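The values are calculated or read from the model by the stated rules, or taken from the named source; none is laboratory data. Note that the structure is a prediction, hence the values are computed from the model and not measured. When we count neighbours, we look across all protein chains shown, and the Cβ atoms used for this are built from the backbone with ideal geometry, even at glycine. To get the accessible areas, we keep the full protein, side chains included, count just its heavy atoms, and leave off ligands, DNA and RNA. Shrake-Rupley method; radii C 1.70, N 1.55, O 1.52, S 1.80 Å.
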Amino acid sequence: MSDSGGEAASRTAGEDATGGRALPPPIERHGDVLRRLGVVRYTDDIKLPGMLHAKILRCPHPHARIRSIDPSRALALEGVYAVVTGKDMPRRFGIIPWTPDEYPLALEIARFVGDGVAAVAAVDELTATLALKLIAVDYEVLPHVTDPFEALRRPEIGLGKSGRDNISKHVALDFGDVEGALAKSDVVSEGHYYFEGSAHVPIEMHCAIGDYDREGLLTVYSATQVPHYLHRELSRVLEISPARIRVIQPPVGGAFGGKSEPFDLEFCVAKLSQVTGRPVKLLYTREEEFYAHRGRHPMHLHFKVGCMKDGTLTAVDAKTLIDGGAYSSFGLVTTYYSGQLLTLPVFPPAYRFDSTRVFTNKPPCGPKRGHGSVQPRFAFEVALDKLAVEVGVDPIELRRKNAIGGNTTSLNGLRVTSNGFLECLDAVERASTWRERRGKLPFGRGLGVAGSSYISGTNYAIYPNEMPQSAVQLKVDRSGRVTIFSGQSEIGQGCDQLLRVIVADELGLDYSAVRVVSGDTDLTPVDLGAYSSRGAFMNGNAALMAAREVKQKLREAVAGKLGCELRDVVVTRGALCHRDEPGRCVDVTTAIQLAEARFGTLGAVGHYNTPKVGGDYRGGTIGASPAYSFTAHVAEVDVDLATGEARIVKIWVAHDCGKAICPVIVRGQMEGSAYMGAAEAVLEEHVIRPDGLHVGPSLLDYRIPTSLDVPDLEALIVESHDPEGPLGAKETGEGPLHPSIPAIANAIYDAVGIRLDRLPFTPARVLQALREKRRREGDDNGAALANTAALANTAALANTGPVAKTAAAE
């Protein structure tokens with residue numbers, strides 16, 4: 001899930017995109033009053049008695065052996081309490097259990113500029129910063145690599161697990177006769193695409209506080225998305241019993257996937273507190289935020305997509321080279337996602353993908369909103385547009401013709417339940433007046449379409465186990481108040497409000513009577529965290545299960561009071577009433593008291609685990625989900641022919657969320673996703689220089705949209721009512737991002753006739769493409785000159801297979 005939904009309410013009046021049910025009036029979202037007053041206490045706002053402040057010394061080289069570290073001068077500085085190094089925490093960690101390759105602080109080898117090598121605890125931040133300059137580190141500078149193609153050519157750098165190559169993960173899967181299908185195709189679109197990496201840029205930087213008390217209990221406060229996974233890794237790395245660790249997630253000021261794994265600072269504050277006996281806080285600077293990274297992977301993608309003259313797709317052949325940076329992070333999953341999640345909502349009957357993730361001496365990449373599938377979605381949806389133009393079929397009609405239906409299984413074994421993709425296409429076509437305007441606007445103005453699908457949570461936990469993936473506990477008080485204890489991570493996306501609405505609606509309570517306690521491993525049952533758009537589906541189902549158990553007891557107690565059958569008692573807002581005699585009612589508070597008298601103290605536990613889904617082959621469960629959301633976008637752009645600026649005028653966003661339990665939050669997620677995609681399309685690029693330094697690790701240099709840059713966004717809710725989702729709901733937090741980028745690229749083509757296959761679409765790239773177009777129109781031989789760089793990359797990518805296949809499977 002993500003955190004773009006900053007709306008003040010959870011429901012809004014009006015109708016959905018299909019002209020269906022009227023949506024109920026708005027209500028106050030959980031915690032919004034405190035946000036408006038500015039009294040929310042984020043991690044950095046917490047001040048504990050006797051608290052020290054920490055800073056991390058970071059390696060200035062992209063690749064270096066640490067010969068020695070001498071902290072003596074730092075320790076002699078007044079106000080310094082402790083220094084720790086990698087030797088104090090010599091156990092590896094990693095979010096994926098099969099690829100733990102990081103130390104809290106580099107032990108022997110630093111693998112990128114910014115890799116932590118030592119941490120200082122001092123009386124204040126200034127003293128800690130001064131102390132860093134006094135730590136003497138003797139480095140042996142090693143050869144490094146910052147380009148993924150070079151990483152393939154120079155296996156002697158040895159960043160891979162074997163030490164003999166730089167391979168992080170290689171996946172090669174094929175389904176059907178790809179070569180035969182492409183050979184029989186009337187048209188084949190072949191192209192090389194490049195997606196530059198991007199950063200999460202949350203407003204709140206990473207921050208953590210460690211408090212190891214005199215009874216041996218460790219409490220860590222962290223701006224994390226995954227308290228449970230952090231709890232596990234703290235226990236394993238620091239060798240402290242998990243029963244002696246508490247992780248508290250205060251309100252989080254932005255995450256977008258960038259806080260969905262443990263980071264160095266959380267281990268450092270815990271260890272420094274253990275050493276000093278005092279609480280220790282560490283807050284990243286904005287520069288550290290960019291170097292810690294875990295943002296969107298740069299990907300080179302070579303796609304062949306075939307179709308017949310009538311627009312029927314025949315096959316896809318995809319080869320992808322992924323720049324993973326220095327460590328594994330979620331890279332094993334990323335490599336699979338780059339191919340597995342492409343087969344919905346539109347696809348041919350034959351498919352092959354070959355994806356290789358390599359290590360480079362750059363900040364490590366990880367999951368960013370739409371993890372692993374935004375990049376290939378860009379390439380595929382642009383290729384579809386090229387085919388539509390080539391065969392003379394409307395791009396929306398081509399997608400309709402090749403859409404995968406509901407209640408089916410995809411080519412690669414993904415089980416699909418509900419599917420509202422065709423309704424999404426209808427909604428954006430109608431709202432944008434596509435038929436009347438596409439291809440008919442003045443030169444420089446254009447429309448583009450794209451579609452996508454995304455998971456509603458993964459089908460298994462990151463570490464294998466048979467326990468529930470999500471759980472809640474309800475405490476029902478005789479005063480009429482219900483408290484929900486949930487391990488889910490509220491990061492601004494509205495999951496607390498979702499639970500509040502589900503429970504209040506089931507029990508007939510006023511929303512103000514339901515409170516949510518979340519993000520505290522001591523108080524709440526286990527939930528795996530806010531990632532993979534799992535919150536609404538999994539946590540929502542857990543809450544619904546618990547609420548229905550309490551509801552049953554209330555109905556039984558009221559049936560006894562009214563002297564009627566259980567089936568005759570219905571729950572309404574504020575009361576439980578006789579179905580046929582509305583005047584015979586018991587208010588909810590009285591019903592709770594009756595139930596407590598009959599059954600004892602009221603409470604319930606709800607939980608959710610996924611059914612067994614996915615293909616029966618190695619990697620077939622990666623990308624499998626209990627449900628999939630579907631999205632279609634139409635973008636309108638205005639290209640300035642003099643400056644090259646591609647101004648995004650409007651994006652129509654239709655999203656099948658199953659059921660909009662909290663419609664305003666759903667719209668907020670849809671608009672926030674489209675906004676983020678638009679930013680990546682025209683502005684954002686996380687660029688590391690050949691010497692390993694970031695081009696501009698600050699908000700002065702890294703370009704994100706201001707309020708003046710945000711296009712008009714129209715959210716069109718489509719409800720397909722998933723049979724397994726809570727009340728029919730599916731995800732909304734990540735899926736609506738995917739189509740923005742290719743829809744904008746396709747709109748630029750409609751506007752001025754140029755194809756931009758590399759991101760972002762900067763004014764310089766637009767102008768260059770326009771010049772090349774004019775050269776081609778004046779001299780056909782100019783095309784060879786224009787395509788030299790793309791052909792070079794294509795040739796290099798075509799040769800990655802043999803190298804990658806020498807790597808271990810994992």
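Take the Cα of Asp709, step 7 Å toward its Cβ, do the same at Arg91, and the gap between the two points is 4.3 nm. Scanning residues 5 or more positions from Gly623 or on other chains, those with amide H under 5 Å from its amide H are Asn459, with H placed 1.01 Å from N in the peptide plane. Computed with a 1.4 Å probe over protein heavy atoms only, the accessible area of Glu581 comes to about 80 Å².
Spatially, segment 548-570 and segment 148-191 are offset by 61 Å when compared through their Cα centroids.
One decimal place: the segment Glu28-Leu48 gains 4.0 nm when fully extended, by the rule 0.36 nm per residue minus the C-alpha distance. Cα centroid separation, segment 496-519 to segment 204-270: 27 Å. Accessible surface calculations at 1.4 Å, restricted to protein heavy atoms, place segment 474-606 at 36 Å² per residue. Coupling constants for segment 67-80 follow from the phi torsions by the Karplus curve (6.51 cos²θ - 1.76 cosθ + 1.60, θ = phi - 60°), and in residue order they are 6, 7, 10, 10, x, 4, 5, 5, 5, 7, 6, 4, x, 8 Hz; glycine and proline get x.
Based on DSSP H segments of at least four residues, each scored -39500 (n - 2.57), the chain has a per-residue ellipticity at 222 nm of -8500 deg cm²/dmol. For a modelled paramagnetic label at Leu566, 7 Å from Cα along Cα-to-Cβ, the residues of segment 580-614 in reach, with backbone nitrogen under 16 Å, are 595-596, 598-600. With the convex hull drawn over the C-alpha atoms of segment 396-453, the volume per residue is 90 Å³.
The simple spin-label model puts a point 7 Å past each Cα toward its Cβ; for Val187 and Val605 those points are separated by 5.9 nm.
Residue by residue, segment 155-162 carries 3J(HN,Hα) couplings of x, 5, 4, x, 7, x, 4, 6 Hz when phi is fed to the Karplus relation 6.51 cos²θ - 1.76 cosθ + 1.60 (θ = phi - 60°); x denotes Gly or Pro.
Within a straight-line Cα-Cα reach of under 20 Å, Lys161 can be paired with the following lysines, leaving aside sequence neighbours fewer than 8 residues apart in one chain: Lys169, Lys362, Lys805. Computing volume of the Cα convex hull per residue in Å³ directly from the structure and comparing it against (1) 208; (2) 226; (3) 162 singles out (3). For the residues Glu636, Glu390, a 1.4 Å probe over the protein chains yields an accessible-area ranking, largest first, of Glu390, Glu636.
A cysteine counts as unpartnered when no other cysteine's C-beta lies under 4.7 Å of its own; in the chain this applies to Cys59, Cys207, Cys268, Cys307, Cys365, Cys424, Cys495, Cys564, Cys657, Cys662. Among Val516, Leu727, Ala660, whose Cα sits farthest toward the positive end of the charge dipole of the chain (+1 at Cβ of Lys/Arg, -1 at Cβ of Asp/Glu, about the Cα centre)? Result: Val516, furthest along the dipole toward the positive end. Ligands, DNA and RNA left out, the 1.4 Å accessible surface of the chain is 52% carbon and sulfur atoms. The accessible-area ordering, largest first, of the residues Arg278, Arg36 stands as Arg36, Arg278, per a 1.4 angstrom probe. Solvent-accessible area of His206, all protein chains in place: 10 Å² (probe radius 1.4 Å, heavy atoms, ligands and nucleic acids excluded).
In order along segment 444-461, the phi-based Karplus estimate (6.51 cos²θ - 1.76 cosθ + 1.60, θ = phi - 60°) of 3J(HN,Hα) comes to x, 10, x, 10, x, 10, 7, x, 6, 9, 8, 6, 10, x, 7, 8, 8, 6 Hz; Gly and Pro are listed as x.
Counting only DSSP beta bridges whose two residues both lie in segment 474-606, roughly 70 percent are antiparallel.
Over the chain, Cα pairs under 8 Å with separation of 6+ residues give a relative contact order of 17 percent. Amide hydrogen proximity for Asp165: with H placed 1.01 Å from N in the peptide plane, the residues at 5 or more positions away or on another chain lying under 5 Å are Gly158, Leu159, Gly160. Here each label is just a point 7 Å from Cα along the line to Cβ, and for Asp213 and Lys612 those points are 4.5 nm apart. Ranking Glu108, Glu556 by solvent-accessible area of protein heavy atoms (1.4 Å probe, all protein chains present), from largest to smallest, gives Glu108, Glu556.
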